[in-house]
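Everything below concerns the one structure shown next.
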Amino acid sequence: MVLIGFFLVSITMERHSKGFSMTNKYLFRILGWIILFIALFPCIKEWNTAIGIAAWFGIMSLTGSIFVMVLSYLPENKLIK
């Protein structure tokens, strides 16, 4: 779920958004942040509030780091085509 949220947020960036209109960019950005926020609730349900929030930040950090590494090695036009 976090990976989908990061993907939606990343395609709204200038470098990755070729071929999208401005309304789609805003929609994808908002939807991506909502999905990232919704990913918090399974963590809280599984580990209670304090540990769940810490685990959510850890999952977000790990997933975001992996996603950034993958995006940095992809050619610019590979994401859309």
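Taking region 22-70 on its own, how many of its residues are touching a Ser or Thr at 6+ places or on another chain (Cβ under 9 Å) and of a type in the set (S, T, N, Q)?
Counting residues in region 22-70 that are touching a Ser or Thr at 6+ places or on another chain (Cβ under 9 Å) and of a type in the set (S, T, N, Q) gives 1.
Residues S61, S21, S10: which one is touching a His at 6+ places or on another chain (Cβ under 7 Å) and of a type in the set (G, A, S)?
S10
When you check I38 against the structure, is it touching a residue at least 24 places away in the same chain (Cβ under 8 Å) and open to solvent by less than 80 Å² (accessible area, probe 1.4 Å), yes or no?
Yes.
The values are calculated or read from the model by the stated rules, or taken from the named source; none is laboratory data. Since this is a predicted model, take the numbers as computed values, not measurements. Using ideal geometry, Cβ is built from the backbone for each residue, glycine included, and neighbour counts are taken over all protein chains shown. Quick note on the areas: whole protein, heavy atoms, side chains included, nothing else; ligands and nucleic acids left out. Shrake-Rupley method; radii C 1.70, N 1.55, O 1.52, S 1.80 Å.
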